[in-house]
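Encoded as structure tokens, the structure appears first; notes follow it.
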Amino acid sequence: MAQIVMWGLFIGPWLLFFFFDSNRIKRYVPAGLFGIVMLTIVFEMAKRYDWWEVKQTLFFLEDMTPFVFGVFFVGTILIFYFTYPSFWAFFILNVVFDLFQAYIMSPFFQRLGIYEMRSINAFQLFLIMTAVAILLYLYQRWQDSSFKIEIK
């Protein structure tokens, strides 16, 4: 069951891109890629500080869940797609998703045996994800100013 869920969370979200304006999607891909880098660092920190242990993943990943390359990447781009440049809309939508991840999805993933929380709790996970979201927003603003993109 865990493998089916992980493959679904890895591949399924990418299908959503077919329903949106590809030029607007492309605008936020760098922020999504930056988010992948940030979560890679978070997963490395989690391993080092024993925040959680990844118990199951896809065959080509070692200490990271496929969530990062599927749901997180696509979700980051779509949240920007619908909320940017409004910081408050972006922040509030991220808080809602981060709360859902920390308090609903994380326990579900643990029950499936995908990972096990160790030295942090759901609230601390929520804070980490919220900090990542703020850094993503700042990165996108920097991207826009670097390339002089007009914000509509």
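The values are calculated or read from the model by the stated rules, or taken from the named source; none is laboratory data. Owing to the predicted nature of the structure, the values given are computational and were not obtained by experimental measurement. Cβ atoms come from the backbone with ideal geometry, glycine included; neighbour counts cover every protein chain shown. Quick note on the areas: whole protein, heavy atoms, side chains included, nothing else; ligands and nucleic acids left out. Shrake-Rupley method; radii C 1.70, N 1.55, O 1.52, S 1.80 Å.
Observations on the model:
- Filtered residue count, segment 15-26, keeping only those that are more than 13 Å from I79 (Cβ to Cβ) and either in contact with a Cys (Cβ under 6 Å, 6 or more places away or on another chain) or assigned to a helix (DSSP H, G or I) (or both): 7
- If the condition is being open to solvent by less than 100 Å² (accessible area, probe 1.4 Å) and of a type in the set (F, W, Y), then segment 14-43 contributes F17, F20, Y28, F34, F43.
- Unique residue being more than 14 Å from A46 (Cβ to Cβ), of a type outside the set (F, W, Y) and touching a residue at least 24 places away in the same chain (Cβ under 8 Å) when the list is L125, L136, L93: L136
- Entirely in segment 44-152, the helices (runs of 4 or more DSSP H) that have 2 or more residues that are among the polar types (S, T, N, Q) and either open to solvent by less than 60 Å² (accessible area, probe 1.4 Å) or in contact with a helix residue (DSSP H, G or I) (Cβ under 6 Å, 6 or more places away or on another chain) (or both): 71-83, 122-146
- Tabulated pairs, segment 26-40, first without any contact (Cβ under 8 Å) to a residue 60 or more places away in the chain, second surrounded by 15 or more Cβ atoms within 10 Å (Cβ to Cβ) and among the hydroxyl-bearing types (S, T, Y), C-beta under 9 angstrom, 6+ apart or interchain: G32/T76; I36/T76
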